Amino acid sequence: QGVDMGFTQFLPEYDLIIDGNISWYGTTEYYNKLTKKNDPINAPKWKWNASIKWDSSMGKFALNYRHVDEFKWDDGIWAGIIGPYDILDFHYNYLITKNLELSVSALNFMDDHHKELIGGAEMGRQVIMRITSIF
């Protein structure tokens with residue numbers, strides 16, 4: 001049970017797109033008939049995100065924000081608490097020539113160290129640069 005709502009606003013006169021989403025789950029656990037106890041659903045009660053994208057003469061820019069509340073995780077031998085965490089991502093694309101595009105992404109650029117999965121690696125800042133040929 002829960003609610004998931006999203007919105008998108010196009011502003012073509014400014015070449016802007018504003019987007020967002022919010023999710024609420026009515027519970028963070030369920031009754032497991034096999035174990036005869038409540039188990040976590042491995043998802044937060046609240047999470048939301050927002051983004052803004054701008055296509056300009058200097059290139060394409062995007063800024064994304066994501067928030068995830070704290071929640072219990074239990075999957076076999078992997079159990080623990082995930083979150084809360086907040087992530088800001090920045091993306092830039094520039095068409096150098098008709099057939100060559102430069103992309104730079106700064107993921108989690110505020111360097112919020114966190115785990116998104118118990119048993120997984122701790123996430124931190126990542127900067128990725130790529131050149132793509134288009135033909």
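Since every read-out is calculated from the coordinates, none of them should be taken as a lab result. The model shown is predicted, which means the values in this text are computed figures rather than measured ones. With ideal geometry, Cβ positions are generated from the backbone for all residues, glycine too; neighbour counts draw on all protein chains shown.
Suppose every Lys and Arg Cβ carries +1 and every Asp and Glu Cβ carries -1, with no other charges. What dipole size does the range 23-135 come out with about its Cα centre, to the nearest 20 debye?
Roughly 280 debye for the range 23-135.
May I ask which residue of W73, G83, W54 lies farthest towards the positive end of the charge dipole of the range 32-87, with charges of +1 (Lys, Arg) and -1 (Asp, Glu) on Cβ and the Cα centre as origin?
W73
What relative contact order, as a whole-number percentage, does the range 50-91 give when Cα pairs under 8 Å and 6 or more residues apart are counted?
Once normalised by length, the contact order is 38 percent.
Just how far, in whole angstrom, is the range 109-135 from the range 27-65 if you go by their alpha carbon centroids?
Value for the Cα centre distance between the two parts: 17 Å.
For the range 63-70, just list the computed ³J(HN,Hα) in residue order, Karplus coefficients 6.51, -1.76 and 1.60, θ = phi - 60°, integers in Hz, with x standing in for Gly and Pro.
Each residue's phi maps through the Karplus curve to give 10, 10, 10, 9, 10, 10, 5, 5 Hz.
Hey, can you grab everything whose amide H is under 5 Å from the amide H of E116? Only 5+ residues off in sequence or another chain; H modelled, so Pro and N-termini drop out.
Here the answer is M123, since their amide H atoms fall under 5 Å of that of E116.
Each residue of the range 118-128 in turn: what ³J(HN,Hα) in whole Hz from Karplus with 6.51, -1.76, 1.60 and θ = phi - 60°, glycine and Pro shown as x?
5, x, x, 6, 6, 9, x, 5, 9, 10, 10
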